[in-house]
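Novice: Handing you a structure now.
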Amino acid sequence: MSALPSISGKDLETYDVVVVGAGFAGMYMLHRLRGQGLTVRVYEQGGDVGGTWYWNRYPGARCDVESMQYSYSFSDELQREWNWSERYAPQPEILRYANHVADRFGLRPDIALNTRVDGAVFDENTNTWSVTTSDGRIVTAKFVVLATGCLSNARLPDIKGLSDFKGKVYHTGHWPHEPVDFTGLRVGVIGTGSSAIQSVPVIAEQAHHLTVFQRTANFSIPAHNTELTAEERDAFRKNYPEIRRFAREEARNGIYAELPDRGALDDGDNARRARFEQRWAKGGLTFMLAYNNLILDKTANDTAAGFVREKIAEIVQDPETAKRLQPDDHPIGSKRICVDTEYYATFNRPNVTLVDIKSDPIDEILSNAVRTRAKNHEIDALVLATGFDAMTGSVARIDIRGRRSQTLNQKWAEGPRTFLGLMSEGFPNLFIITGPGSPSVLSNMIVSIEQHVDWITDAIAWMRDRGLEAMEASREAEDQWVAHVNEVAHATLYPQANSWYMGANIPGKPRIFMPYIGGVGVYRRICNEVAAKEYEGFVMTTKERAKKMVAS
Ligand code: NAP
């Protein structure tokens, strides 16, 4: 396939496609588009490829989906040649894998590192985008693909006095590249989400004293991480065709696992407990697959939540600390469930203190302490594990202007609106990978990334074959999809939690359940049907129509 006819512009760099971000989504997008003979430029604000795995280098960072599954499936050679060392690979290994992919598929020449995309403006006369980058360039492209990641806009908490703190302050999502040594230091960690739950046990081993400031207790399931043997890797590889098929087509969350055949209330107390024990012993995210109604029925959910609360009480020796660590304000799984190594046991260490900042709130940060209502907690270093402006945050940082100069931020002021999470009406030829309205963060991200990239590649090829100028979600299809995403979410327990899925962690952010909860298999079928029906729900602009629109 030859390149799309590029717009002429003597002084401008012109590409068929600009991709924003060189994480797992951006890299695979580049690979697929180049395979179609298109000219592509990828802009990446980080100093190297890897996206979330480039930035999140905090101690203990590792994937919470098994690496044999959290890896690309598009190349059989790749999945056979790369040897994951552990069940859940640590961040440095995942970053090495990202670099290996960049080198193996020769991606680097088309990636501009250390370059942020600041703005993108759609020109209705030419049906092209002008993209402005942080190094002062303006490039044009027929298509823009946002591969900006869902959890890449690290969020600093709005706590009085934060800038007065004299020690080092770290954010887990923006960790330094040089080693950080907490030996002999008194360290404070604010936050108890997945990032804190992974880093707290590791920091506790180094620090002289660790104080964990918890606003909301979280449910965490042991990872039971181990080294992978060659036999285990081979067993996976032997079954890869079925494992990958199942993850794509049948799983709700893009993970190959045994699916439950019954609800939690279908078993008696003893059988239910035995099943939870079995899942606890297996570890990881699939704990929530013990029964098929845990996230649908509050009474069923209570049985799982009660089981985990009992486990916390068994592990944590001090009853007061155990009680504070037991979540009681949201159904289990309605916030992203955490996966840990010795998190709860860490609170048995004599050098670790848990401070409940719901009952004893942080008033301010002093030069050498976190001052809660009750006392000053003296610290030498502060770790903010306070999360991200998720799903929309990194898109919102780009000044994106579509038809009639409307900005995407204006359009999404009351919450993100997309058709299939892939496109937003009024923003032609602008695709989003794993955007709001798609399964995205509720799934094994690589499965969802590959599906979106393949769908976008096919859509662009389809347009090109027909000489089409622009593709855009229709208002009607978008309205229906947004309503559907909401309806499905509200049939579950998810909206009952103040989670980042709901935008609840960002003051002023609209409370809308952002990801699509219908499951990756169902969602894939919907996307495929839309494509099979000649992209039903999308408006295509032909050259003739474009000319008429310009003339009128
Ligand atoms: P998070 O889940 O949003 O957790 C942020 C924590 O900081 C919460 O405990 C929150 O308390 C607290 N917090 C936020 N603002 C605060 C403030 N002003 N004062 C006190 N506490 C505050 O963020 P995260 O832990 O970085 O995880 C985000 C997501 O990234 C995860 O859900 C997961 O999807 C992904 N992740 C994945 C992995 C993995 O694959 N292993 C690892 C890390 C992260 P509240 O709950 O009260 O708001």
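The values are calculated or read from the model by the stated rules, or taken from the named source; none is laboratory data. All values derive from a computational prediction rather than experimental measurement. Using ideal geometry, Cβ is built from the backbone for each residue, glycine included, and neighbour counts are taken over all protein chains shown. Calculation scope for accessible area: heavy atoms of the full protein, side chains included, ligands and nucleic acids excluded. Shrake-Rupley method; radii C 1.70, N 1.55, O 1.52, S 1.80 Å.
Novice: Does segment 124-269 classify as rounded, prolate or oblate by the C-alpha gyration tensor (a ≥ b ≥ c root eigenvalues; a/c under 1.5 gives rounded; else a/b over b/c gives prolate, otherwise oblate)?
Specialist: oblate
Novice: Which order, highest average first, do 52-61, 269-278 follow once you tally other Cβ atoms within 10 Å for each residue and take the mean per peptide?
Specialist: 52-61, 269-278
Novice: Report the per residue volume, in Å³, of the convex hull enclosing the C-alpha atoms of the chain.
Specialist: Residue-normalised Cα hull volume stands at 152 Å³.
Novice: Largest first and to the nearest Å, give the Cα extent of segment 136-212 along each principal axis.
Specialist: 56, 27, 24
Novice: Lys and Arg at +1, Asp and Glu at -1: add these up for the other residues within a Cβ distance under 15 Å of Ile111 and post the number.
Specialist: Residues near Ile111 contribute +1 overall.
Novice: May I have the pair-distance distribution P(r) for segment 203-260, computed from all Cα-Cα distances with 10 Å bins from 0 and rounded to whole percent?
Specialist: 16, 26, 27, 19, 11
Novice: Taking square-rooted eigenvalues a ≥ b ≥ c of the alpha carbon gyration tensor, is segment 215-306 rounded, prolate or oblate, where a/c under 1.5 means rounded and, failing that, a/b exceeding b/c means prolate?
Specialist: Here segment 215-306 falls in the prolate category.
Novice: Cβ neighbours within 10 Å, averaged per peptide: list 255-266, 431-442 in order, most packed at the top.
Specialist: 431-442, 255-266
Novice: Could you work out the local net charge near Leu442, counting Lys and Arg as +1, Asp and Glu as -1, over the other residues with Cβ closer than 11 Å to its Cβ?
Specialist: Taking every other residue near Leu442 into account, the sum is +2.
Novice: Which value does Rg/Rh take for segment 444-485 over its C-alpha atoms, Rh per Kirkwood?
Specialist: Expressed as Rg/Rh, it is 1.08.
Novice: Along each of its three principal axes, how wide is the spread of alpha-carbon positions in segment 416-542, in whole angstrom units, largest first?
Specialist: 47, 27, 21
Novice: Using the Cβ atoms and a cut-off under 11 Å, what net charge is assigned to the surroundings of Ser359, where Lys and Arg are +1 and Asp and Glu are -1?
Specialist: Once positives and negatives cancel, what remains is +2.
Novice: Can I ask one more? What number comes out for accessible area per residue over the chain if the probe is 1.4 Å? Units Å², please.
Specialist: Result: 41 Å² of accessible area for each residue.
Novice: Leaving ligands, DNA and RNA out of it, report the carbon-plus-sulfur percent of the accessible area of the chain at a 1.4 Å probe.
Specialist: Exposed carbon and sulfur together represent 48 percent of the surface.
Novice: Let me ask something else about it. Alpha carbon centre of segment 486-543 versus segment 376-436: separation in Å?
Specialist: 14
Novice: Sticking with this structure for a sec: Which of rounded, prolate or oblate describes segment 66-108 when judged by the alpha-carbon gyration tensor and an a/c cut-off of 1.5?
Specialist: oblate
Novice: Another question, if that's okay. Among Asn351, His377, Ile337, whose Cα sits farthest toward the positive end of the charge dipole of segment 334-378 (+1 at Cβ of Lys/Arg, -1 at Cβ of Asp/Glu, about the Cα centre)?
Specialist: Positive-most Cα among the choices belongs to Ile337.
Novice: Right, here's the next one. What list of ³J(HN,Hα) couplings, whole Hz, do you get for segment 259-266 from phi and the Karplus terms 6.51, -1.76, 1.60, once you set θ to phi - 60° and write x for glycine and proline?
Specialist: 8, x, 9, 7, x, 5, 8, 7
Novice: Another one. Report, in whole Å, the centroid distance computed from the Cα atoms of segment 11-40 and segment 195-235.
Specialist: Taking the Cα centre of segment 195-235 as reference, the centre of segment 11-40 is 36 Å away.
Novice: Mind listing the long-range amide H neighbours of Arg215? Cut-off is under 5 Å, sequence gap 5 or more, other chains count too, H placed in the peptide plane at 1.01 Å from N.
Specialist: Answer set, sorted by chain and number: Gly191, Thr192, Ile357.
Novice: OK, next. Sort Glu250, Glu487 from largest to smallest accessible area, using a 1.4 Å probe on the heavy atoms of the protein chains.
Specialist: Glu487, Glu250
Novice: Give me the percent relative contact order of segment 103-205, please, defined on Cα pairs under 8 angstrom at least 6 residues apart.
Specialist: The value is 12 percent.
Novice: I would also like to ask the following. Jot down the per residue volume, in cubic angstrom and as a whole number, of the convex hull over the alpha-carbon atoms of segment 391-438.
Specialist: Measuring per residue, one finds 67 Å³ for the Cα hull of segment 391-438.
Novice: Roughly how many Å² of Lys509 are accessible to a 1.4 Å probe, to the nearest 10?
Specialist: 30
Novice: Something else about it: Restricting the calculation to Cα positions, tell me the Rg (one decimal) and the Dmax (whole number) of segment 74-178 in Å.
Specialist: Looking at segment 74-178, its Cα Rg and Dmax stand at 19.4, 54 Å.
Novice: Taking the alpha-carbon centroid of each part, what is the distance from segment 133-153 to segment 56-83 in angstrom?
Specialist: After rounding, the separation between the Cα centres reads 25 Å.
Novice: Next question. Rounded to the nearest 500 deg cm²/dmol, what is the calculated helix-only ellipticity per residue at 222 nm for the chain, with -39500 (n - 2.57) per DSSP H run of length n ≥ 4?
Specialist: So the helix-based figure for the chain works out to -9500 deg cm²/dmol.
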